[in-house]
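No value in this document is a laboratory result; all are computed from the given coordinates. As the structure is a prediction and not an experimental result, all values here were calculated from the model. All Cβ positions, glycine included, derive from the backbone under ideal geometry; neighbour counts span all protein chains shown.
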Amino acid sequence: QVIVYFEMHAEPDEIEKFRQELAKREEVEHITTVSPAEALTLLQGSLEGQDGILYGLQENPLPCSLEIRLKKPYLSSDAVERFADNITRAPPIADIEYGQRWLERFIAFFELARLTCLVLGIFLIIFTYCVIANTIRLLVYSRRDEIEIMKLIGAGGLMIKFPFWLEGALQGACGAGVALLIIVCVEKLAMANLATLLHFYLGSGNYVFLNGPMAAILLAAGALLGLAGSFFAVNRLDAHYN
């Protein structure tokens, strides 16, 4: 969010007029006005055990401010910076803060985490493919006598291969389902402790970890990966049993 701090001598009418002008901008989703008294209360709450340093204050030194929440299409670093630069710096505005340095570090960390997850995901896909393919291949070899009998009584290649394809798809779907169950349980346990921390650093909002459509896509991807492994594991059946 972008925070606009006003001068101490700013009049309420000036602040309200400025707030209404900002509310008309297409980037703005919501604006919260924080009075000096509310700001002091928040500061005292953040100084747990150390709020005694404020007892000597003769008057409230904190100004009124506006906390501006932007819409999702404007949450990139460049868009936030352009929005802050386009806000007039004329009085009674004292300062505009949008955590530029923190945002840049966060984005850099996020991109590194995304790259790491991508590399790890590719490795796990290859590993899963190899495990399923080798499992199905061993299964084919263990049932070679049954396959020979099926060929002798007129079974076609598709009739022989289809059960192996189905088994590979089921293995992939079951593996994806177990993985989903584990990460959902971990997320539920972790969010119980991290919800307050995320709210403090990232602001208010709805955090979506894994919704229904995403879970269905992951299950389908696991089934397709298993199907691919079993398909290439039995693609030599025609050469062996024709």
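Calculated from the structure at hand, semi-axes √(5λ) of the Cα gyration tensor in Å is found among (i) 41, 24, 15; (ii) 32, 20, 17; (iii) 63, 19, 14 as (iii).
Cross-link reach is defined here as a Cα-Cα straight distance under 12 Å, omitting same-chain residues fewer than 8 places apart; for Lys151 the aspartates and glutamates meeting it are Asp238.
With q set to 0.14, 0.26, 0.27, 0.29 Å⁻¹, the log10 of I(q)/I(0) for segment 17-86, from the Debye formula over equal scatterers at the Cα positions, is -0.60, -1.10, -1.16, -1.27.
Taking only the C-alpha atoms of segment 125-195, Rg followed by Dmax gives 18.7, 64 Å. What residue among Ile68, Val4, Ser46 has its Cα farthest toward the positive end of the dipole of segment 1-79, where the charges are +1 on Lys, Arg and -1 on Asp, Glu, each on the Cβ? Looking along the dipole axis, the top candidate is Ile68. Summary value for the chain: 24 percent relative contact order, contacts being C-alpha pairs under 8 angstrom separated by 6+ residues.
Starting from the alpha-carbon convex hull of segment 55-111, give the projected area averaged over all orientations, in nm².
Numbers: hull surface 24.6 nm².
Convex hull of Cα atoms, orientation-averaged projection: 6.1 nm².
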